[in-house]
Amino acid sequence: MVLSIANSKNFSEEKAHKLYITLECMLEFEKEEEKEKVLALMRKFSSATRYAYKRLLEGVPEKEIEKAIQEKHKLNARYVKDAVLIAKQVLKSCIQRGQNPKKLVFGSRELFEKLKKKHLTGKRREKLRQRWEERRYYYLYSRGEKSKNGNLNLRFVNLNNQWYLRINLGNGEYVFAKVVRNAKRKGDKWIDFTWRLLEAERLGEWFAYNVRLKVRNGKFYAQVSWEEKTVEPVITKACREMDGKTQNQREHIAWRIARQVVERALESGKAIVVEDLQKVPKGRRGDGLAKLRRKLHKWAYKSILEKIEVYARRMGVQLIKVNPAYTSIIGKLKYSPMLGIDKDVAGAYVIARRGLGFEERLPKNYRELLKDKEFLMYAIAKVDERIKKLKSELKKETNEYKKNALKGRIKRLRRYLKLLLFYTRDSGKSEPATQQAVNRERKPMRSRAKSLQKSWRVLSVALAFSCLEWCRDHSPLKRVLISGDWVRVAGGVSPSLPGQGTTASNCSFINSG
């Protein structure tokens, strides 16, 4: 994962807006007796709501209704107030729709009228009756309150990295229902909600959320809703720590990294720019790269990006997503040698520039290299030489997993060889679009972009095998960028230069496999 903090150009005043969000999750109970207790509570609450509705129609004061419900249904004070609240909302809705409140049927009049018809029998009638009874008798609601840790009667709690809904049955008795909900990887508000709960518990700063319990087709569902104040961007456009950690530890580290990134952006008055990464290949079983696969599977870049996006939105910092194509290649070939920085930092530098709208052009001496047939043929010879060496190792290897790893490397080198061969052939017919200012103006934008990307790919492969074969950094490329003297750089890292041993003429390029 690579991200950057870009210089901001424009600033806007902070404007807060109210946004009401509702999410649904399924609930599971470990014991049947716990389920029955919750069903009994839902029946009492539904009955209390219907009772309150009738008393409201009769003009009975709310305080008297609440007192009567508490005596009749034995609910705690908060459930009683919520039952009256629901009854008031239903009554108000009826009046606003121009309906007769006295003819209201709890559980849906439409379903009730269908049940009255004689032609429905058997399973169809039983299914219809189940739907009506679930809507009429099995309902529970609890208002949220900031001072009550978010919600007094229906509260979400995290136990051993698993979310539960704690249901207050009254008299100090609780039932914990397991929350079943898989967050989608992109744009799912559930990630935001659970993060806010964890932060609220950590800081002791709670927010109110309402919870409704329903039964649908015999299954329990909880709907949670809360008011979220969104802030328009105050700042506008103008991570190996997880190795060897448990899932819980990685999750904690990811949130900490997200906070650090966003807080750094706020302090420096800059927007955040990240690569819009969709998927990273994590290898496959039997490829001979078991250690690498383990590291890649633990690389929680997607999780970190999501958390940064959530926290940035809440703090009013704009997050810009850019196309990740060739940011690493451009960084290591252009900015790493010129600025003397690590290739990953150089990649972040490219991302930041891309987020600010800058385009990356090929430096002049790199463009000259792509015209140099001797340079290209030397790189081709070095790739072919490496393929032959690996094929020799493959014949001697007996370990199946190591053989798979060698085959994978050979396959990748053949792709490199093919890229260089076709580019050398095509460049003999006409120069790349990026090398001709006139053609750049005439060619369509998409065609120019593809041509530029191809040029960066060819340079990456050719320079890696000609000038960087025995180097761990990209500092030797500084001489190439400044003077274009690739021969001297290659002579310092490899004994085989054109005319000194390996040449393009004695390589079997097409039949290398």
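The values are calculated or read from the model by the stated rules, or taken from the named source; none is laboratory data. Computed from a prediction, not measured in an experiment: that's the story for all the values here. For neighbour counting, all protein chains shown are included, and Cβ atoms are generated from backbone atoms with ideal geometry for every residue, glycine included. SASA here: full protein model, heavy atoms, side chains in, ligands and nucleic acids out. Shrake-Rupley method; radii C 1.70, N 1.55, O 1.52, S 1.80 Å.
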**OP:** Go through (1) open to solvent by less than 40 Å² (accessible area, probe 1.4 Å); (2) at positive phi and name the single condition ASN149 misses.
**Re:** (1)
**OP:** For ARG125, state whether it is open to solvent by 40 Å² or more (accessible area, probe 1.4 Å), touching a helix residue (DSSP H, G or I) at 6+ places or on another chain (Cβ under 9 Å) and either among the β-branched types (Val, Ile, Thr) or under 19 Å from TYR221 (Cα atoms) (or both).
**Re:** no
Original post:
Does the stretch 158-208 hold any residues that are modelled with pLDDT of 90 or more and among the β-branched types (Val, Ile, Thr), and which are they?
Top reply: ILE167, VAL175, VAL179, VAL180
Original post:
Out of all the residues in the stretch 195-229, which are surrounded by fewer than 19 Cβ atoms within 10 Å (Cβ to Cβ), polar (S, T, N, Q) and at negative phi?
Top reply: GLN223, SER225
Subject >> Filter result for the condition that a residue is buried (at least 16 other Cβ atoms within 10 Å of the Cβ), of a type in the set (S, T, N, Q) and modelled with pLDDT under 95, over SER46, SER12 >> reply: SER46
Original post:
If TRP206 satisfies every condition in (1) touching a Gly at 6+ places or on another chain (Cβ under 7 Å); (2) under 23 Å from LYS37 (Cβ atoms) but one, which is the exception?
Top reply: (2)
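Within the bounds of the stretch 77-86, is there any residue that is open to solvent by 70 Å² or more (accessible area, probe 1.4 Å), in contact with an Asp or Glu (Cβ under 9 Å, 6 or more places away or on another chain) and part of a helix (DSSP H, G or I)? Even if it seems obvious, please write down each step before you answer.
Looking only at the stretch 77-86, we keep the residues that are open to solvent by 70 Å² or more (accessible area, probe 1.4 Å), and these are 81.
Subset that is in contact with an Asp or Glu (Cβ under 9 Å, 6 or more places away or on another chain): 81.
After this cut, where a residue has to be part of a helix (DSSP H, G or I) as well, the list is 81.
Yes.
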**OP:** Can you run down the residue pairs with Cβ atoms below 8 Å, 6 or more apart or on separate chains, where the first is in the stretch 306-335 and under 30 Å from ALA462 (Cβ atoms) and open to solvent by less than 50 Å² (accessible area, probe 1.4 Å) and the partner is among the acidic types (Asp, Glu) and not in a helix (DSSP H, G or I)?
**Re:** VAL322/GLU275; VAL322/ASP276; PRO324/GLU275; PRO324/ASP276; THR327/GLU275; ILE330/GLU360; LYS334/GLU360
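Say whether the condition of being buried (at least 19 other Cβ atoms within 10 Å of the Cβ) and touching a strand residue (DSSP E or B) at 6+ places or on another chain (Cβ under 7 Å) is met by at least one residue in the stretch 353-364. Before the answer, list the steps.
So in the stretch 353-364, the residues buried (at least 19 other Cβ atoms within 10 Å of the Cβ) come out as 353-355, 362.
Then keep just the ones that are touching a strand residue (DSSP E or B) at 6+ places or on another chain (Cβ under 7 Å); that gives 354-355.
Within the stretch 353-364, one or more residues are buried (at least 19 other Cβ atoms within 10 Å of the Cβ) and touching a strand residue (DSSP E or B) at 6+ places or on another chain (Cβ under 7 Å).
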Subject >> Residues within the stretch 87-111 that are open to solvent by 40 Å² or more (accessible area, probe 1.4 Å) and modelled with pLDDT under 80, tallied >> reply: 3
**OP:** Check ARG472, ARG446, ARG415 and return the single one that is open to solvent by 40 Å² or more (accessible area, probe 1.4 Å) and at pLDDT 65 or above.
**Re:** ARG415
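Run down LYS388, LYS371 and say which single residue is open to solvent by 50 Å² or more (accessible area, probe 1.4 Å) and touching a helix residue (DSSP H, G or I) at 6+ places or on another chain (Cβ under 8 Å).
On the way: LYS388 fails: touching a helix residue (DSSP H, G or I) at 6+ places or on another chain (Cβ under 8 Å).
So the residue among LYS388, LYS371 that is open to solvent by 50 Å² or more (accessible area, probe 1.4 Å) and touching a helix residue (DSSP H, G or I) at 6+ places or on another chain (Cβ under 8 Å) is LYS371.
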